[in-house]
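Asker: One structure follows; several queries about it will come next.
The values are calculated or read from the model by the stated rules, or taken from the named source; none is laboratory data. Note that the structure is predicted; figures quoted are calculated from it, not measured. Reconstructed Cβ throughout: ideal geometry from the backbone, glycine too, with neighbour counts over all protein chains shown. SASA here: full protein model, heavy atoms, side chains in, ligands and nucleic acids out. Shrake-Rupley method; radii C 1.70, N 1.55, O 1.52, S 1.80 Å.
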Amino acid sequence: AAAASLARRAANGDKELIFMATGSDANSLSVTNNSLVTLATLGLRRHVMLLADGWQTCEVLRAVLYGPCFWSSRMLRRQPADSITLRKFWDFRFRFYYIKKKYMALLVEGGYAVLQADTDTVWMHDPFRMLRLMRDASLVIMRDVGIANAGVVYA
């Protein structure tokens, strides 16, 4: 319910929004702030829907970054399986993988055009202008070394 309410407030007139996630550590908050400041210069800050790793982080974000956020109890708190990949790469970012895709799917199902982006994305221009031209594509994903990179996904 909180995510749906936030989406209604964040979306622009074309039901487009930017979906980002952040952790509570100082580096994550700093990178998130940099991205939000850059988005503000493009007039897009008000269209950001921010997912935090918990309600405490939302409280910090509301106080420091002056923007709404939401969190989910479905966030992964521990490694879901024992695999070579997870043994090597498991860190706080993996906690967001499932929940970001879950909420992105729910938002798209709700009729929103969602640009999910990592907080370290560099914003030079309004991306929606170009994405609107890609009407034949139902999914746009950033390519990274021959594989899809979940850092930038548009649906």
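Asker: Quick check for you: with a 1.4 Å probe and neighbouring chains kept, what is the accessible area per residue of segment 1-131, in Å²?
Answerer: Heavy-atom accessible area per residue stands at 56 Å².
Asker: Where the centroid of each part is defined by its Cα atoms, how far is segment 13-72 from segment 86-155 in Å?
Answerer: 15
Asker: Let me ask something additional. When the chain is fully extended, how far beyond the present Cα-Cα distance does Ser138 get from Val37, taking 0.36 nm per residue of separation?
Answerer: Value of the extension gain: 33.5 nm.
Asker: How big is Rg to Rh over segment 21-74, alpha-carbon atoms, Rh as the Kirkwood inverse-mean-distance radius?
Answerer: 0.95
Asker: Over the chain, what is the mean sequence separation of C-alpha contacts under 8 Å (at least six apart), divided by residue count, expressed as relative contact order in percent?
Answerer: 27
Asker: Suppose only helical runs count, i.e. DSSP H with n ≥ 4. What mean residue ellipticity at 222 nm does that imply for the chain under -39500 (n - 2.57) per run, divided by all residues and rounded to the nearest 500 deg cm²/dmol?
Answerer: Taken over the chain, the calculation gives -12500 deg cm²/dmol.
Asker: Another question, if that's okay. If you consider only alpha-carbon coordinates, what radius of gyration and Dmax does segment 54-109 have, in Å?
Answerer: 13.8, 40
Asker: Measure off, as a whole percent, the carbon and sulfur share of the 1.4 Å-probe accessible area of segment 1-143, all protein chains present.
Answerer: 55
Asker: Still on this structure, please answer the following. What number, in nm² with one decimal, is the all-direction average of the projected area of the convex hull of the alpha-carbon atoms of segment 95-155?
Answerer: Details: hull surface 19.6 nm².
The number I arrive at for segment 95-155 is 4.9 nm².
Asker: Spin-label point model (7 Å from Cα, Cβ direction): what's the Leu131 to Arg74 distance in nm?
Answerer: Roughly 2.0 nm, to one decimal.
Asker: To the nearest µm²/s, what D does Stokes-Einstein give for segment 54-155 at 25 °C and 0.890 mPa s, using the Kirkwood radius over alpha carbon pairs as Rh? Don't skip to the answer; put the middle values down first.
Answerer: Numbers: Rh = 15.9 Å.
D = 154 µm²/s.
Asker: For Cα pairs less than 8 Å apart in space and 6+ apart in sequence, what is the mean separation divided by the residue count of segment 102-155, i.e. the relative contact order in percent?
Answerer: Relative contact order for segment 102-155 comes out at 41 percent.
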